[in-house]
Amino acid sequence: MEIIRYRRDVWGEEVILGVSWDLLWVVAVTALILLAAHAIFMAVLAKKKAKPSSEGPRIKRHDAIDRAFHWIMAGSVLVLILTGIAPIVGLRISWLNIHWIAGLVLTFVVIFHIIRAIFWQDFKAMLLGPSDFKEPFDEKIKPGKYSFEQKGMHWAMTVLVIAVIATGIILFLHINTPWWNRPAVENEATLGIFFLLHGTATLGLIAFTAIHIYFAVRPEKIFYTRSMVTGWISEAEMKENHDTNKWKPE
Amino acid sequence: MTFMHIGKDFTPPDVEGKVTGTARYAEDFRRDGMVFARLLTSPIPSGRVVSIDASEALAMPGVVGIFTADDLPPSAPPANPALAKDFITYVGQPILAVAAESEEIAEAAIERIAIEFERRPFVVDPLDTLVEGGPDPYPMGNTLIREGAAAAAGTTASGTAVGSIKWTRDQIASFRAGRFPTGAPWGEEWAYGDVDANFAQCTTVIEEPFVTIGLPHHSLESRTGMAYWENGKCYFHGSLQSQTVGHAQLARMVDVDPANLVFINENTGGGFGSKIFPYPMMAVTGRFAKALNRPLQLRITRADEFYIGSARSGMQGWIKVGLRDNGRVGAVDIAIIGDAGSGGGASGSSAAEHVSIMYQPEAMRYRGMSLYTNTTPRGAQRGPGQNEMAAVLSPIMDKAGRQAGLDLVELRRINAPGPDALIGPRQGTISSSYYPQAIDQAAELFGWEAKKALPRQISATKVRGIGVGEGYHSAGASGYDGLLRIAPDGKIHLHTGVGNLGTYSYAAVLRAAAETLQCSWENCVIEHGHGENHLPHSTYQGGSNTIFTETRSSHVAALDAIRKMKQIAAADFGGAVDDYSIGGERVFLSSDNSKGYTYAEVAQKAIELGGEYSGQVFAEDLNDTTKRSVQAMQGTGLIAAAKDTLPKTGTTPGFAVAMVEIELDTETGKFDILDYTGIAECGTIIHPKGLRQAMNGGGVWGFGMAAYERHVYDPQNGLPANVGLYQAKPPTYLDVPLHMKSGATDMPDPQSPVGSRGIGEPSQGCAVAALMSAISDALDGHLFNRTPVTADMILNHIAQNDFNTGDLKTNTF
Amino acid sequence: MSSHDVMPDMGLYQPVTVEDAAGIARQFSTRGWLVGGGQDTYGWLKDRAKRPEVLIDLKGIESMRGIRETADGIEIGALVTLTELTTNSLITGRYSLLAEAAGRVASPQIRNVGTIAGNVAQDVRCWYYRRGLNCYRAGGNLCYADTPEGMNREHALFNASRCVAVTASDTGPALVALEAQMVIHNGSSERVVSAENFFVGPNIDITHTTVLRPGEILTAVRIPAKWANAEFYFEKVADRNVWDFALVSISAAMRVNNGVIEESRLVAGAVEATPRRLDRIEQAIRGKARNQQTADEVAALAIQGARPLNFNHFKMPLLENLVNRAVRGHA
């Protein structure tokens, strides 16, 4: 199985074409196996915990604007993944325009989110510190607003999304749009590297999106998903999963 | 004058083979143990080979060897190397050859060879390298330097180098805008008369820029060669236009004594100037075969042929023409930048010479240079210089004529070169000219006056255009050898080193010997095409040269035979040599024709006498090739061999004039040629069918040059867009008129024993020029100032959308 | 790129049934190559611009030959040669549009061996792509033709999504105009796709020109009776009149009653990667007199939305003019 695809450039020299799409299947199958294993483990072997009640006082977890951001971003990422892999898996749709429009949407909401997170939100709540790394190994330690897994997922998605956006913008500059005509490619090897990075980041994004969706729909975590829709979690859910000393909701 | 053979049709002996497919070309020959070689060509337009790793290829079963530039004598730019190493100068340039037991293995091996290249800047438009700071096609510059002097143009003979010539941005901008660039340096320059004073006397003066784009020769037979070595001799099956003139050169190329080289080339599938002399790839075929000690065929593919098969130079130019009030051309000032591709030479001076002969200006100045580009090497192609000049000149002269209120044919007639015409910078004389009569003959056959009166608008979407064009090329040389042998069986073996490039002239010129010998053609045997047929040193087949030159050689050989026969007869029957005559294939006493010998008998006597009669002794002024042939035949009959020392002065001209009527569709940009009339002025017609073929063939290619064929390169990566034959677009059967009218003045040139001159090149020049003129006429005199004029250009012009390529850009759409 | 000009070492299968052919095609998938007349095959292979491992020669399949009359029109076997299309009385009599289009393909020699299926399934026209460069259409990640100095005189005016190549087929537009149905066999079942949907543009599938999937074979083309003996107009403008691809072609079928156009299908060739249905024109001329005035009124609609490149602006007036001719009914 190849990892990187190569081609001959106009001069006959071998240059990188992009990531091998064989890896798409590797990523898909690996993610499925791991998640299935996790699901089986949780169903059969994991210690069953009582599910905290969703009734009772409600604690605000996400502002409406942040929920909107999340779902726009989620939608655009899913559209980008779907349109991006459509030609690879042989799905015949006119994908490119949808792809770059979704990419632009993602870019704008990510920029919005970064600015909002830095200046208007509790940026530190998402920072990963050394103490966070003890959390998975000690049941007594409860997280603040975001668990170690949530922070890890967030930062992984941050890196991957920024990577696909950065490389995507460069590739975007190489196609015709309503605003510009594409330039001649001066260096095909460099272009290939951008395709490689874009593809590799996409594979990572697919994997982490799959993990994210899996956990979002797991019974013990689904209240977080609900909170991303409604904005709140119950006090019981908060107390069961969070350290109220570390997270003091408004 | 009444001739036995001259002016009469005959069937050349190779016709049947060509019709039935039994004619064999170089690629058709096989030899036991033969291996197949194929070329690996450059993917980059400019650079050098850093390293070659052929280990994997050489380890493949069936691969027998590799041949690179290191296996050839060194060559330095601007010489066009057979295999490139330190100077790769165009995409498609051969780098190495691989030989294997089969072509398939050779090609598979080529794919396993890894080459590391170093890339260099490249350029595909001469003006882009001429501008200061512009990229150079060679690391050392962009133009040919002769012996250190800043001279350009011509061939890549020894004593040349690549140097640099640059213009300022302002000068380039001025030239691109159609103005003469003040103060710009040129590579070469000539003038005669007082140009400025003559312009002052002109009442009509026009200035126009022009571009002609080069085009590949694309000879139908690619330049495949097969060679094998036996007992120290090199047998070489090749494809050349000329059979013997390049013998010594080819011997040097393959590193063998000329006496040990047997060159075999019975048929050649076109050369159009690209195969006049041995070309570099022949060195690879011969030397690779020697190195492997096996028969070797180096097959040149269709794409290879595009790359190494030569191409016409392009021109980017400016011309100023002045007409006096009587319609005479008073002065011409012309400047031409020639696109010499990656090697070879441009033809600016020849182009200017065309203007000088066809319009006989009182004064003229030419300035030019030849610039290299990273496109395929250029070389002579049917009327190099003259024909592309004819193409763009015709509509420009039409414009001048219209401004002066002259009929377009009348303009040509007023300025037509007659017998007293002068040519070129030295204003040399010509051998003869009946060209003014040719114009009249064409106008009458075409019906110029009647067609002129026809309405221009044929229908709502169809317009008529009529045009006139003129072609010229020098058409004859002297000093070559004639050779014939009369065998004891009475057969007259006419030996010729003229190549058989498909025009049948190799046979037609021998008719002059039969004419002189007063013998039947059926009794003649043509010996040609194979070194072991003992051939004389004959002229090169190029430049419309063969007919004039070789009828003279044939004639002098026949005269030598007659002299010898008369001497033999006089010795046996008494009386003086001058008392004897020939006739009925006998030599006899004029006063008593019973006293004499048949040609068969005299041949037998010659063998018995020996000495000069049967080739033991021969003239010292014969070329070595001829001497070897005479020696090889000694004692086999009456051997006649002589060098052409007949008087010759001035340039021998070939002229042609054509008239074209087209119907142009203003909605599609396409046109149909309704009438084509071409009249040759080539002295006496020696072979009417051959002449018609020359006029038709030249006409068809002229249409191609006018409307379809050109080099197109992507300037971003140096890639040619039209490598294949279908992309190169030679005209097809449905692009030309079903019937093309042709004729000739059929008046004798005094310097030819049979009165004939050549016409191969003017036949194309007149056609391209006439069609360009007709297209312009159909569009109310619009000048595209460019060849070819394609349908898209016509559509853009009609749509007035300003999208036609301008700014003197070349090698482009 | 070196010019190889010999066939590569590859396998050859010569099935005699569609089922076997489809089975072999399915087995080798993208490593197999279907060949009929071979006129758009051998060049690719000899240039090593395409590298399939096996050739599946369809010429032995008798069921794919011949032109048959059906209950609703005719069925043309995929292996029917272009020359047969120009001489068959069913075609020349009822669907002369197709006969004319077939008669303008390439050259007589090519028409003698080239098939209807090969002509519609042939690859696009773009000299960069056909040179073997690894562009988008060849599975690469860039286009050489649509660049600031790209030499794109023959390229697309419409619907270029990264790739600006154009359809090279002369019969494709005619079949779209005739509402032909393409019969596709996969060895076990058959599907029928309209000619209009048979061709795919680069926005949908940049590496293919048709909907044919690996393992599928175009076995026949059906032409419904609907357009039999309609008024037709075909014109192809190419640089040369023989052995050349179209610069632009127009295929039109019309039902005209008392001089009024009741229904029409106009399709242009060589202006985008697929035959281009000119539905705006069709709508605009419905119910109008077939004459010069109507033609002048509607022709400009044909170039709405065109996005010319560096060297192909001429295709706009050319397309407009050919539409004008098709609508008015004469050159």
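The values are calculated or read from the model by the stated rules, or taken from the named source; none is laboratory data. Computed from a predicted model, the values in this text were never measured in an experiment. Cβ placement follows ideal geometry from the backbone for every residue including glycine, while neighbour counts extend to all protein chains displayed. Only protein heavy atoms, including side chains, enter the accessible area calculation; ligands, DNA and RNA are left aside. Shrake-Rupley method; radii C 1.70, N 1.55, O 1.52, S 1.80 Å.
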Only one of (1) crowded, with 17+ Cβ neighbours inside 10 Å; (2) out of contact with any helix residue (DSSP H, G or I) (no Cβ under 8 Å at 6 or more places or on another chain) does not apply to A:VAL79, and that is (2)
Those residues of region B:342-393 which are under 22 Å from B:GLN241 (Cα atoms) and among the small types (Gly, Ala, Ser), in sequence order | B:GLY343, B:GLY344, B:GLY345, B:ALA346, B:SER347, B:SER350, B:GLY379, B:ALA380, B:GLY383, B:GLY385
Working only within region A:147-177, note down all residues that are aromatic (Phe, Trp, Tyr) and open to solvent by 50 Å² or more (accessible area, probe 1.4 Å).
-> A:TRP155
Quick one: would you say B:ASP780 is more than 14 Å from chain C (Cβ to nearest Cβ), charged (D, E, K, R), out of contact with any His (no Cβ under 8 Å at 6 or more places or on another chain) and part of a loop (DSSP other than H, G, I, E, B)?
-> yes
State yes or no: is B:ASN717 assigned to a loop (DSSP other than H, G, I, E, B), in contact with a helix residue (DSSP H, G or I) (Cβ under 6 Å, 6 or more places away or on another chain) and either buried (at least 22 other Cβ atoms within 10 Å of the Cβ) or not assigned by TED's automatic domain parsing to the domain that holds B:ARG302 (or both)?
-> no
Answer residue from region B:112-142, given it is out of contact with any helix residue (DSSP H, G or I) (no Cβ under 9 Å at 6 or more places or on another chain) and either of a type in the set (A, V, I, L, M) or modelled with pLDDT under 95 (or both) and is most open to solvent (accessible area, probe 1.4 Å) among those | B:MET140
Search result, residues across region C:33-56 that are open to solvent by less than 20 Å² (accessible area, probe 1.4 Å) and assigned to a strand (DSSP E or B) = C:VAL35, C:VAL54, C:LEU55, C:ILE56
Could you tell me whether any residue of region A:8-31 is more than 14 Å from chain B (Cβ to nearest Cβ), more than 30 Å from B:ILE113 (Cα to Cα), open to solvent by 50 Å² or more (accessible area, probe 1.4 Å) and outside any helix (DSSP H, G or I)?
-> no
Are any of the residues in region B:724-739 among the hydrophobic types (A, V, I, L, M, F, W, C) and surrounded by 24 or more Cβ atoms within 10 Å (Cβ to Cβ)?
-> no
Of all residues in region B:402-441, which are among the basic types (Lys, Arg) and outside any helix (DSSP H, G or I)?
-> B:ARG426
Top-ranked residue of region A:178-197 - restricted to ones that are within 12 Å of chain C (Cβ to nearest Cβ) and exposed (fewer than 15 other Cβ atoms within 10 Å of the Cβ), ranked as farthest from B:ASP714 (Cα to Cα) | A:PRO178
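For every residue, the table says whether it meets (1) outside the structural domain of B:ASP255 (by TED's automatic domain parsing); (2) within 26 Å of C:LEU133 (Cα to Cα).
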| position | (1), (2) |
| --- | --- |
| B:ASP9 | yes, no |
| B:MET34 | no, no |
| B:ASP53 | no, yes |
| B:ILE66 | no, no |
| B:PRO74 | no, no |
Among the candidates A:LYS145, A:LYS239, A:LYS246, which residue alone is touching a residue at least 24 places away in the same chain (Cβ under 8 Å), among the basic types (Lys, Arg) and either assigned to a helix (DSSP H, G or I) or touching an Asp or Glu at 6+ places or on another chain (Cβ under 7 Å) (or both)?
-> A:LYS239
Can we say B:THR244 is touching a Ser or Thr at 6+ places or on another chain (Cβ under 8 Å) and within 20 Å of B:ASP624 (Cβ to Cβ)?
-> yes
When you go through (1) crowded, with 24+ Cβ neighbours inside 10 Å; (2) within 12 Å of chain A (Cβ to nearest Cβ); (3) among the aliphatic types (A, V, I, L, M) one by one for C:VAL200, which number turns out not to apply?
-> (1)
By my count, strands (runs of 3 or more DSSP E) wholly in region B:598-704 with at least 1 residues that are touching a Phe, Trp or Tyr at 6+ places or on another chain (Cβ under 8 Å), away from chain C (no Cβ under 14 Å) and open to solvent by 30 Å² or more (accessible area, probe 1.4 Å) are B:638-643
Residue satisfying condition, being away from chain A (no Cβ under 14 Å) and part of a loop (DSSP other than H, G, I, E, B), within set C:VAL105, C:VAL120 | C:VAL105
Filtering region C:267-288 for residues that are within 11 Å of the chain's Cα centre (by Cα) and free of Cβ contacts under 8 Å to residues at least 24 places away in the same chain leaves a count of 0
From the list A:LEU96, A:LEU91, pick out the single residue that is hydrophobic (A, V, I, L, M, F, W, C), within 14 Å of chain C (Cβ to nearest Cβ) and in contact (Cβ under 8 Å) with a residue 40 or more places away in the chain.
-> A:LEU96
Subset of region A:211-236 that is touching a residue at least 60 places away in the same chain (Cβ under 8 Å) and not in a helix (DSSP H, G or I) - its residue that is surrounded by the most Cβ atoms within 10 Å (Cβ to Cβ) | A:ILE233
Mind listing whichever residues of region A:176-208 are of a type in the set (Gly, Ala, Ser) and in a loop (DSSP other than H, G, I, E, B)?
-> A:ALA184
Boolean, A:SER131 is at pLDDT below 95 and either open to solvent by 40 Å² or more (accessible area, probe 1.4 Å) or of a type in the set (Ser, Thr, Tyr) (or both) | yes
Pairs, first outside the structural domain of B:PRO94 (by TED's automatic domain parsing) in region B:117-142, second assigned to a loop (DSSP other than H, G, I, E, B) and of a type in the set (D, E, K, R), C-beta under 6 Å, six or more apart | B:THR129/B:ASP136; B:GLU132/B:LYS166; B:ASN142/B:ASP136
Residues within region B:791-813 that are among the polar types (S, T, N, Q), more than 8 Å from chain C (Cβ to nearest Cβ) and touching a residue at least 40 places away in the same chain (Cβ under 8 Å), tallied | 2
Here the residues within region B:740-756 that are of a type in the set (D, E, K, R) and open to solvent by less than 10 Å² (accessible area, probe 1.4 Å) are B:ASP749
Spot the failing condition for B:GLU107; the list is (1) buried (at least 24 other Cβ atoms within 10 Å of the Cβ); (2) more than 13 Å from every other protein chain (Cβ to nearest Cβ); (3) not small (Gly, Ala, Ser), and only one is missed.
-> (2)
Those residues of region A:199-233 which are under 30 Å from C:ASN141 (Cβ atoms) and of a type in the set (A, V, I, L, M, F, W, C) amount to A:ALA201, A:LEU203, A:LEU205, A:ILE206, A:ALA207, A:PHE208, A:ALA210, A:ILE211, A:ILE213
